[in-house]
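Data block below; observations after.
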Amino acid sequence: MPPAPSQEQTKLAPEKQQHISGHGEQAVRYHGWKVMPYVIGNETCERLGTIGTTANLLVYLTTVFHIPSAAAATLLNVFSGTSNLAPLLGAFLCDAYLGRYATLAAASIASFLGMLVLTLTAAIPSLHPPPCASSSSTSCQGPTHRQLAALLASFAFLVVGAGGIRPCNLAFGADQFDPATAAGRRGIASFFNWYYFTFTIAMMVSATLIIYLQSNINWAIGLAVPTALMALSCALFFMGTRLYVRVRPEGSPFTSFAQVLVAAARKRRLPAPASPADDLFDPPHRSKLVAKIKHTDQFRWLDKAAVVTAEDAVVDGMSAAAANPWRLCTVQQVEEVKVLARMIPVWSSSIVYYVMLTQLGTYTVFQVMQSDRRVGRSGFEVPAGSMVVFNMVALTAWLPVYDRAVVPALRRVTGREEGISQLQRIGIGLALSVATMAVAVAVEQRRRGAGGGSSSSWAWMVPQQAMAGLSEAFAAIGLNELCYKESPESMRSVAGALSPLALAVASYASGAMVTAVERATGWLAQDIDKGRVDLFYLVVGAMSAANLAYFVVCALWYRSKNIADHGGVELLQTSSKHNADAPPAMAV
């Protein structure tokens, strides 16, 4: 007799299930890596289409729309912050109502429309101000209300696209692998590495070729190319529709979390249950979406939400339920809140980490601008803004080695499918961030010791950028994988929004930190040779070291989600001929 379908399989839309003949049960045809050309192709083209454009928007606003630099920078900060906060709303709508497929479909179309409108603002003369009559900024005409409305409309579409794509793309790709098989679980881990590999390749192409087309050839052409890539992204996504595994949403997870907090607060004066296994409301687990989580002894005060009192009424039926879920919650609901509560401290360590990356990236550009940027005797000068490429090169060069050589070797030593745990991977990345800032301090002191200015070569800044890329390969990917695997299945898209949220907080914190340090110390002068960037780097490095210590404490305290052996549904071990889970060799 074949085993019953898995929790992951039974939660899927009927059109993605295949019938097991003779038994009337449903199973899922996971296509695994066969679907990745559509999933990763969609993500790569989307990144190529949007990253290069948004990275160069400041130049576009100041040179084509003639918006003053301060106003342009403010507009872009608002756009960037909103783009990083929008994924929270997108993730909520995805997990509660739309599902990942519908959210990605709508968001991809919105991104394409945003790119199309932005391209039209450059291609149609009436949608942007006329060229300046002379080099004097006072002779430049600013945008009209109609032109500004077209520009803001493109930004609005791009924000909607970011709000849907950023929290869902990783989770949607991981959904295509069978979590009930060892090959499927390895495929999920490998997919996270592949995702960042293609992501950084797209960033490198955007930071070089697309920006060159926009700045040196023609803005209309430079924007039309990424728009065409975004159209290709949409086409690739919809081409794979028949093959996708689609997870159905089952309502807002935030309502359940709120019920636990309210019920626990109402019963805060009750004594802690003497025997949680017997004294807490734990009806049979019937959910086909969320796996049954075992009771844990952390955050015991939350257990009071599941204590049955004389005032609590229970409705009997096929599955017992509380008559008032705002007074009585199940153990499953309580444990889901505990999972999130354990994850938040670990996630919070990423904020300081992203502050480090932001400050290093900004002031490396300033260092290079005041260094000798010539390459050989050709007369070619390295663009200061292209230094981020070395960060990306290090990351993309390391990920194939890590995925195809290091992980298998570690697997033989540790016995873990992913080689090392996500927490260990994050810890290594944070340790590398401290080492990166130490190198940055030493390089800046050497640059100053050599006299500053053009007496020092730009190449001295390459090692710190490469080390930052390596730290991202550990910390950023490990964090995203941890959030996906540890979060309750009903809110994995919300988990995908945590990294953009950390980036948004880090962006605001970085701006505030620069302002505070400059006002208090004068270290960050316009001419960095007159300031003390090395001391600023030292402060950022000390913050990174403190953050590493904080993370270690959080990691030692952390307890992974513990799934019950029998959560109401047994795991189905599907055969390999129906499951293309084995990861392919990662070509370089």
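The values are calculated or read from the model by the stated rules, or taken from the named source; none is laboratory data. Bear in mind that the values here come from a model prediction, so they are computed numbers and not experimental data. So basically every Cβ, Gly included, is an ideal-geometry build from the backbone, and we count neighbours across all protein chains shown. With ligands, DNA and RNA removed, areas are computed over all heavy atoms of the protein, side chains included. Shrake-Rupley method; radii C 1.70, N 1.55, O 1.52, S 1.80 Å.
P(r) for the stretch 372-434, from all Cα pairs and a bin width of 10 Å, is 18, 33, 24, 15, 10, 1 %, short bins first. Here the Karplus relation 6.51 cos²θ - 1.76 cosθ + 1.60, evaluated at θ = phi - 60°, turns the backbone of the stretch 150-159 into coupling constants of 5, 4, 5, 5, 5, 4, 4, 4, 5, 5 Hz, with x for every Gly and Pro. For the stretch 460-473, the Karplus equation 6.51 cos²θ - 1.76 cosθ + 1.60, evaluated at θ = phi - 60°, returns couplings of 5, 8, 5, x, 5, 5, 5, 5, 5, x, 5, 5, 5, 4 Hz by residue, with Gly and Pro reported as x.
Ligands, DNA and RNA aside, residue 329 has an accessible area near 0 Å² when probed at 1.4 Å. Annotation: the stretch 335-457 has a Kirkwood hydrodynamic radius of 17.7 angstrom, from the mean reciprocal C-alpha pair distance.
The three principal axes of the C-alpha atoms in the stretch 494-547 carry coordinate ranges of 45, 22, 17 Å, sorted with the longest axis first. Rounded to the nearest 20, the Cβ-based charge dipole of the stretch 251-335 about its Cα centre (Lys and Arg +1, Asp and Glu -1) stands at 260 debye. Placing a pseudo-label 7 Å from each Cα along the Cα-to-Cβ vector at residue 362 and residue 274 gives an inter-label distance of 5.9 nm. Per q in 0.10 Å⁻¹, report the Debye log10 I(q)/I(0) for the stretch 337-560, using one uniform scatterer on each alpha carbon and no solvent. Taking Cα atoms of the stretch 337-560 as identical point scatterers yields -0.50. If you sort 145, 285 by accessible surface, 1.4 Å probe, largest first, the order is 145, 285. Between residue 293 and 564, the built amide H atoms are under 5 Å apart, and every one of these is 5 or more places off in sequence or on another chain. Taken along its three principal axes, the alpha carbon spread of the stretch 251-335 comes to 33, 26, 24 Å, from the longest extent down to the shortest. Ordering 472, 518 by accessible surface, largest first, gives 518, 472; the 1.4 Å probe counts only protein heavy atoms, with every chain in place. With θ taken as phi - 60° and the Karplus curve 6.51 cos²θ - 1.76 cosθ + 1.60 applied, the whole-hertz 3J(HN,Hα) list for the stretch 31-45 is 9, x, 5, 5, 8, 4, x, 7, 5, 6, x, 4, 5, 5, 5 Hz, x standing for glycine and proline. Amide H neighbours of residue 247 under 5 Å, counting only residues 5+ apart in sequence or on other chains, H built in-plane at 1.01 Å? It is 100, 101, by chain and number.
Take the Cα radius of gyration of the stretch 438-487 and divide it by 2.2 N^0.38 Å, N being the number of residues; the result is 1.69.
Simple rule: put +1 on each Lys or Arg Cβ and -1 on each Asp or Glu Cβ in the stretch 251-335, find the dipole, and look at 255, 281, 320; the Cα lying farthest toward the positive end is 255.
Remark: the stretch 139-201 is approximated by an ellipsoid whose semi-axes, taken from the C-alpha gyration tensor as √(5λ), come to 42, 13, 5 Å, largest first. For the set 561, 338, 294, 485, solvent exposure ranked by accessible area (probe 1.4 Å, protein chains only) runs largest to smallest as 294, 485, 561, 338.
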